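Read the structure below first, then the notes.
No value in this document is a laboratory result; all are computed from the given coordinates. As the structure is a prediction and not an experimental result, all values here were calculated from the model. Cβ coordinates were reconstructed from backbone atoms using ideal geometry, including for glycine residues, and neighbour counts include every protein chain displayed.
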Amino acid sequence: MASNSDSIFYVLSYLRRHPEAFYFAKNKYDNVVQIFIKDDLQIADADIYFPQNRLMVNRLQDDFLAQHGNLLDHFWEQSGHRPSGYHEVWATSSHLIDSNVFLIELSYE
């Protein structure tokens, strides 16, 4: 079984190649990117890493930031934010059953 970081990496990599598969949500926070994905997307171990109507929150490890910072920067900038420095990224994931979407929320600290 992959880790939550692996799952986040694979999903974000897929979304980068398939921008039609998701949309950004407007939010009032300056350091947050909210991504909604139709829940018909096949995600490995989605029941574990995208719990139904519950939030799973994980701090992405420093080595993840070092290896995949450009991917995180891509979503930061595509969501309309200006480039800025960050030291940590927290990833929140969920399967929002009533809305038929998976949620990935990235908090750049």
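Can we say residue 59 is in contact (Cβ under 8 Å) with a residue 40 or more places away in the chain and among the basic types (Lys, Arg)?
no
Working only within the range 64-97, note down all residues that are part of a helix (DSSP H, G or I), in contact (Cβ under 8 Å) with a residue 24 or more places away in the chain and either under 21 Å from residue 42 (Cβ atoms) or of a type outside the set (A, V, I, L, M) (or both). If you could, list the steps in order and put the result at the bottom.
Kept after step one, since they are part of a helix (DSSP H, G or I), are these residues of the range 64-97: 64-78, 97.
Restricting the remaining residues to those that are in contact (Cβ under 8 Å) with a residue 24 or more places away in the chain gives 64-65, 68, 71-72, 74-76, 78, 97.
Of everything in the range 64-97, those that are part of a helix (DSSP H, G or I), in contact (Cβ under 8 Å) with a residue 24 or more places away in the chain and either under 21 Å from residue 42 (Cβ atoms) or of a type outside the set (A, V, I, L, M) (or both) turn out to be 64, 68, 71, 74, 75, 76, 78, 97.
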In the range 74-86, how many are closer than 18 Å to residue 58 by Cα and out of contact with any strand residue (DSSP E or B) (no Cβ under 9 Å at 6 or more places or on another chain)? 0
In this structure, is residue 37 surrounded by 11 or more Cβ atoms within 10 Å (Cβ to Cβ), at negative phi and in contact with a helix residue (DSSP H, G or I) (Cβ under 7 Å, 6 or more places away or on another chain)? yes
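Being touching a residue at least 24 places away in the same chain (Cβ under 8 Å) and surrounded by fewer than 17 Cβ atoms within 10 Å (Cβ to Cβ) narrows it down to one of 100, 27, so name that one. Can you show your working first?
Details: 27 fails: touching a residue at least 24 places away in the same chain (Cβ under 8 Å).
It is 100.
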Among the numbered criteria (1) touching a helix residue (DSSP H, G or I) at 6+ places or on another chain (Cβ under 6 Å); (2) more than 11 Å from residue 102 (Cβ to Cβ), which one does residue 22 miss? (2)
I'd like to verify a number: residues in the range 46-92 that are loosely packed, with under 13 Cβ neighbours inside 10 Å and among the charged types (D, E, K, R), how many? 6
